[in-house]
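Since the structure comes first, as C-alpha cells, the remarks are kept for the end.
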C-alpha cells in the first residue's frame, strides 16, 4: 500500500471512530441505598402544538420508590393550581377523581442514566393521564420525557435529587436515549384524538428516605 493510501485509510478509520452516535455512550447510573422518596416542585407548563398551554402553579406532593439499586422506580405527582385559557377566559384543569377542580394527579415509572456528556438524566414514562379543563376541553397525555438531575453531582452523597425538565415550545430539549426517541404526546378531545407532540417544563425536588450516592460509573 502506498504512503498516500495508508494515510487515507487511517483518516477514514479515525473519522469512523468519532462518528459513533453520542447516544450509544449513555449508561445506567444508581442512587445507591435510597429506596423511597417524597417531594415537591415549582410551576410547570404543558405546551402542545396548536393547543392552549396548561399551567400548574406547583407540585404539592410527590412520592415514589426506587429499586434495582436505585436505577429504576415509580412515582406519583400531585400538581395544584392548574389552569388554561379558553376563549380568553381562565379555566381550571383537573384529572378525573381529583380532590379539587384545579388538581392534576399523574405519575409513572422512572429510569436514571447519564448522557454522553456525563450529565445525569432521568427518563419518566408517564401513566396515561386525562386532563379536563372547564369540563369542555379534554387532553389525554401519554409517552415519556427526559429531564436533568441538577443535583447532586456524580459521586456526591445526598438525600435529595433535584430534577429539571425543559422544552423549546412543544418539543422537549432531550429526546434520545440509547438510540431511541422518547417524546411526550397529547391528544385533544380524549384518547382517540390525533397525537400531538408536547413539551413539559418544570422542576422538582425529591427527598429520599436515606442519603444515597449518585454513582455514574
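Where a number appears in this text, it was derived from the coordinates with a stated rule and is not lab data. Everything numeric here is computed off the predicted structure, so don't read it as measured data. Every residue, glycine among them, receives a Cβ derived from its backbone with ideal geometry; neighbour counts consider all protein chains shown.
Before moving on, here are some points about what is shown:
- Exposure proxy shown here: for 37, 89, the number of other Cβ atoms within 10 Å sets the order, fewest to most, as 89, 37.
- Computed label-point distance, nm, for sites residue 92 and residue 27 using a 7 Å Cα→Cβ extension: 5.0 nm
- Over the chain, dividing the summed -39,500 (n - 2.57) contributions of all DSSP H runs of at least 4 residues by the number of residues returns a 222 nm mean residue ellipticity of -2500 deg cm²/dmol.
- Mean Cβ neighbour count within 10 Å, used as a protection proxy, ranking 207-214, 152-159 highest first: 207-214, 152-159
- In the distance distribution for the chain, Cα-Cα pairs more than 28 Å apart total 36 percent.
- Modelled label reach - residue 101, point 7 Å along Cα→Cβ, the stretch 114-154 residues with backbone N closer than 12 Å: 133-136
- For the chain, built as a Gaussian network whose Cα springs stay under 10 Å, the top-fluctuating residue of 198, 151, 44: 151
- Taking 87, 31, 113 as the candidate residues, the one with maximal mean-square fluctuation in a Gaussian network model of the chain, Cα springs under 10 Å, is 87.
- Relative to the longest principal axis of the Cα atoms of the chain, the long axis of helix 3-18 lies at roughly 20 degrees.
- You can think of it this way: the chain between residue 40 and residue 76 has 11.9 nm of extra reach, that is 0.36 nm per residue less the Cα-Cα gap.
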